[in-house]
Each structure stands twice: as structure tokens, then as C-alpha cells.
Amino acid sequence: MFDFEYPGGQAPDAARPRARAPLAVRMRPRSVDEVVGQQHLLGDGSPLRRLAGGSSDSAAGPTSVILWGPPGTGKTTLAHVIARGPGRSFVELSAITAGVKDVRRVMDEALTARDLHGRTTVLFLDEIHRFTKAQQDALLPGVENRWVVLVAATTENPSFSVVSPLLSRSLLLTLQPLTDDDIRALVERAAADPRGLDGALDLAPEALDHLVRLASGDARRALTTLEAAAGVALERLEAEGGEATGATLELPDAERAIDAAAVRYDRAGDQHYDVISAFIKSIRGSDVDASMHYLARMLEAGEDPRFIARRLIISASEDIGMADPTALQTAVAAAQAVQLIGMPEGRIILAEAVVHLATAPKSNASYQAINAAIGDVRAGKGTIIPPHLRDAHYPGSKQLGHGKGYVYSHDEPHGVAQQQYPPDDLVGRNYYDPSGNGAERDLALRLERLRGIIRGG
């Protein structure tokens, strides 16, 4: 027995046709065993399975959880399964519409339900990352004193979007995108289950493959698309005058329902950082095709092209450097061109820059050189500038020995003079070590001759 409380306190009307609910709602699992995917969180004895079981005979009480994962991976589903445990009341809030008053009202009612009726309130808070710090702080007393068991869902990294006190009082569980096999099993179950299509349509293998591929690991999207495709198929059959019984949902029906894959990307969260990281690492690894994929993914998701251009400038300096000095010129030109041209034509400019950078010879020698030099500066080395290099233009400087013995480079053969440039404790210290790639191969020979002349080798 359990008390299932719906938003607004309205229980579902038993006479209302269940078929009017979306397929994704009708197919929502009623127990942990019906959940598809996330088996790394649902093993025997796992905290989530124990929480869903509602066992109260253990010394360890229920723990609040924060479910973090992409859309359609089962966060809301798990919350409803947890709520079905014995002695539970379920309250659902959305951070989009709820405020501090709503949270405090739930806490007060939960405290009453616990003390007077011995019931545990499960508070499902969707989109918790949309709550302000003050709104999240309002949850702390109820979570800490276990007036409620909080099940919070977020698509954004909780380390960035959830306050630390709430994180420390909850279990952070990471949900993984569903595999194609998970989605396939879910779609096939929905097609046959009485709560779903009840076997009204068979699924052609090509149509099933299409639905699975375009779901992109999103269970809700898969079921929504299946429902739309079923509607298209039934309308087609009606127009053709055929019998619905034993009919087949064909590939054209699925293609009419949806013809583009969902792009999973969030411009302010971890996907933003993950995709740009993969983009830069693909350029560094000289995989032009992977680089182009991640560029397309960011552009299709609406990423700011100026952000992408700035990252290309950094990549040209950090990962290519003097192995191809023209790479930085291309990246800067691309950034300026995108600023002038805008989108959608800017995508062509960015693509050209990506091809140049990804296929260019690579060297991080300049990057390593400045890091090594900064390391010596921070270590306190090289504090005393050689007297012959110091400024000798102000009155009294010559009496201090400034500029004495300085050799003007243009007076020497080849414009290179033999003299000491670094501080005494850094004489002979090499920072720049050119690679053997691209233009740096020739530069290494020139650098060896230059150091030989300057240092008197």
C-alpha cells in the first residue's frame, strides 16, 4: 500500500481513458525490474534499489539522491519507482515554476505526515539546477532531518549547479545514456505492451532501426517518436482502406514522424566543456574528420561561433606553433571573418580553419618554452639583468656601468653578436626545443647555429 500524491493534489480519474496519456507516461516502469538501462545503479543491495524497495527494517534509513544524466535516461522514472515504496507519499515540484514558499509548504506537510501518520514523503524536484542558492538552501533542513527523501534531477553537472551543503547530504548518482540495445528493448516492449500500442502494429526491422538510431539514447524521445510514427502508419492504413490488425509500421512512416537526430548539447554545462575538449584534442591528434564532426555538433546546437574561433586561435599557438606559423594567421583570419560575415556562412570559414589546423604539422615547443621560463621566474631565478643590457639613457646610468660593453648586433656579421643576454644563473639554459616537424625542422638547424654564435660555441 502506498499513497501516491500528484501535483496539485489531484488523483487521476479512474474513468479517464489511459490512452490519452502520452506513450512515454503510460510505459513508465512500475518497479525497478522494469527499468531499462542504468544497471550500474540498480544492482542487488545498491542504495537506489534499497531506496526503491522502501525497506524500513534496516538501521540505515533512506538517503536523498541527486540524479544527474542526459535527458531521457530515466531520472523521472526512477523518482516514480522510488515513490511506489510502501508507506510513501509522493510530491513533485519543478524548479522552473516552484519557489521557496512551495518548498517550505512541502517540508511542513512532510513533517506532519511523518510525525502523525508515520509516512515518508518523497519529494521529486526536477531541474534542480534552475533553483537559486537561496531556494536550494531552503531544502537543507528537510533533507538533513529526513523530513523528506529528496530525489532531485538535473541535466547539468551538480558540481557547478548544486550548492555544496546539499551535495554533501545526498548521494550523487550519474545516469548513463541508454545504449541502442536498451532503446530497442524499450521500443519493442512499448509496441507489444497493453499499456502501449498493445500489438496494434508490427515494427518493420528498418523502421525499428531508424527509431533506435534517431533516439540518440533518449528513452522519452524514442517513445514519443514511436507514438508519432504509429499515428502516421494508422492514418496511412485508414487512407488505403486496409485493416489495422496485423499491419506493419514501415520505414517511411518512421521517416515522416522524425527525420533528424537530436543533438545532445548544453551551452552552459558539462556537454559544452566535453565537446570543445574533444574538438581540440581531435585537432591536436590530426584527425580532421573527428574535428569536423565536433565542429558540426557545436554549430548545430547553437554554440557561439566566436567561442569556437577563439579556441582555434589557442589551438594554433599551443599545438601547432612554429611547425606551421601560418596556422595562427589562418585562425586569426577565421575569427575576424566570422565576426564580419556571421552565420550560417561563417561555418564555411570555421571549417576551412579546422582543416588547416587538423592537417598541419604539430609542435608544442613554444608552449613548453614559455611554461619553462615562467617556472624559472616563479622559482626566483634570473633576477639580476646583466649590466651591459640595462638602460643607459638616463643621467648617471653610465657611472653605474649600464650599457658598458654592449655589442650592437647590426655591426656584426650576419647581424648576430657574441655576448651574454640571460642573467648569470640562466646562462646556457634552453627553453625552446624545436621539434622535427614541419617548419621547425629547418628552424632547429638555424637555432643551433644562432646559439653557437651568441654563446661562443
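The values are calculated or read from the model by the stated rules, or taken from the named source; none is laboratory data. What you see is a predicted model, and the numbers here were worked out from it, not measured in a lab. Here the Cβ positions follow ideal geometry from the backbone for every residue, glycine too, while neighbour counts run over all protein chains shown. Please note that ligands, DNA and RNA were not included when accessible areas were found on the heavy atoms of the full protein model with its side chains. Shrake-Rupley method; radii C 1.70, N 1.55, O 1.52, S 1.80 Å.
On the accessible surface of the range 30-179, probed at 1.4 Å, how many percent belong to carbon and sulfur atoms?
On the way: 3320 of 6610 Å².
The nonpolar share, carbon plus sulfur, comes to 50 percent.
Distance between the C-alpha centers of the range 342-392 and the range 143-186? Whole Å please.
Comparing the Cα centres of the range 342-392 and the range 143-186, I get a distance of 41 Å.
Starting from the exponent 0.38 and prefactor 2.2 Å, build the expected Rg for the chain from its residue count and divide its actual Cα Rg by it.
Details: Rg = 32.3 Å, N = 457, 2.2 N^0.38 = 22.6 Å.
Dividing the Cα radius of gyration by 2.2 N^0.38 Å gives 1.43.
Quote the charge dipole size of the chain about the Cα centre in Debye, to the nearest 20; the model charges only the Cβ of Lys and Arg (+1) and of Asp and Glu (-1).
Numbers: 49 positive and 59 negative charges, 384 e Å.
Using only the charged Cβ atoms, the result is roughly 1840 debye.
Along the range 24-40, what does the Karplus equation 6.51 cos²θ - 1.76 cosθ + 1.60 (θ = phi - 60°) give for ³J(HN,Hα), rounded to whole Hz, x for Gly and Pro?
4, 6, 5, 8, 4, x, 9, 8, 4, 5, 8, 5, 9, x, 6, 5, 5
Sorted by mean Cβ packing within 10 Å, highest first, what order do the peptides 432-443, 42-53 take?
The peptides rank, most packed first, as 432-443, 42-53.
Can you list the residues, at least 5 places off or on another chain, whose amide H is less than 5 Å from the amide H of residue 90, using H built in the peptide plane?
Residues meeting the amide H criterion: 5, 122.
Under a crude label model (7 Å from the Cα following the beta-carbon direction), how far is residue 367 from residue 202 in nanometres?
It is 5.7 nm.
Under 8 Å for C-alpha pairs, at least 6 residues apart: give me the relative contact order for the range 112-267, rounded to a whole percent.
18 percent
Run the helix sum for the chain: -39,500 (n - 2.57) per DSSP H stretch of 4+ residues, divided by residue count, reported at 222 nm to the nearest 500 deg cm²/dmol.
Details: 19 runs with 208 residues, N = 457.
After summing the helix terms and dividing by the residues of the chain, the value is -14000 deg cm²/dmol.
What residues qualify as long-range amide H neighbours of residue 157, i.e. H under 5 Å apart, gap of 5 or more or another chain, H built at 1.01 Å from N?
Close amide H contacts, sequence-distant or interchain: 270.
Starting from the Cα gyration tensor of the range 330-457, take the square roots of the eigenvalues, sort them a ≥ b ≥ c, and report rounded, prolate or oblate (rounded when a/c is under 1.5, otherwise prolate if a/b is larger than b/c, else oblate). Walk me through the numbers before you get to the answer.
On the way: a/c = 2.45, a/b = 2.01, b/c = 1.22.
Prolate, since a/c reaches 1.5 and a/b exceeds b/c.
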